[in-house]
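Here, each number is a calculation from the coordinates, and none is a lab measurement. All values derive from a computational prediction rather than experimental measurement. Cβ coordinates were reconstructed from backbone atoms using ideal geometry, including for glycine residues, and neighbour counts include every protein chain displayed.
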Amino acid sequence: MIVIENGIVRKACLRDYLDAVKMLLQLIPAGKVVSYGELARLLGVPPVFVGKLLAMNDEAPIVPCHRVVRSNGELGGYSGPGGIRFKRKLLEVEGVRIDAEGRVSRDSFVHFTELLDP
DNA sequence: CATCGAACCAACC
DNA sequence: GGTTGGTTCGATG
């Protein structure tokens, strides 16, 4: 059973959360990134759980789980093919600016409210 | 800046 | 019942 409350997912099984995450990921345009926390709010789960879900995505990078980074700009992890190096490469190719310290620039972040409202 | 602990979860042991 | 995750956030020194 899955319940939606104020646009936030409540009690669902892993499979349901995974489907929800994938849908949200498809909304992120190339060249932009979102934070784990943002997804966590929408899904109603703790941020750590988002990581677990993304790690469970077997269709990376078709489903762009590489466009999810830490809120402080650091890349976070990537368990898909090619590992973290590949994640960074993908982002750069898509136009995300990453500084020498491996931080994503703030203007590359996008919020789901901006993706859903316009 | 570094470290700490708690947190909205389901699965697994 | 405790641990585990690609984490976050606020409080603290």
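Details
- Seen against the Cα atoms of chain A and their longest principal axis, helix A:83-93 is set at about 70 degrees.
- Listed by Cβ neighbour count within 10 Å, with the fewest neighbours leading, A:Asp99, A:Asp19 appear as A:Asp99, A:Asp19.
- In sequence order, region A:104-110 has phi-based couplings of 7, 5, 4, 6, 8, 6, 9 Hz under the Karplus curve 6.51 cos²θ - 1.76 cosθ + 1.60, θ = phi - 60°, and Gly or Pro positions carry x.
- What the Cα convex hull of region A:65-118 gives, in volume per residue, is 89 Å³.
- Taking a quarter of the surface of the Cα convex hull of chain A gives a mean projected area of 7.0 nm².
- The alpha carbons of region A:26-77 stretch over 24, 23, 19 Å along the principal axes, in descending order.
- 0 to 90° range, to nearest 10: angle between helix A:14-26 axis and chain A longest Cα axis: 50 degrees
- The lysine pair count for chain A, using Cα distances under 19 Å and pairs eight or more places apart or on different chains, is 8.
- The simple Förster model, with R0 at 22 Å and r as the Cβ-Cβ distance, assigns A:Glu94 and A:Arg15 a FRET efficiency of 0.20.
- For region A:1-52, the gyration tensor built on C-alpha atoms gives a prolate shape. Its axis ratio a/c (a ≥ b ≥ c) is at least 1.5, and a/b is the larger of a/b and b/c.
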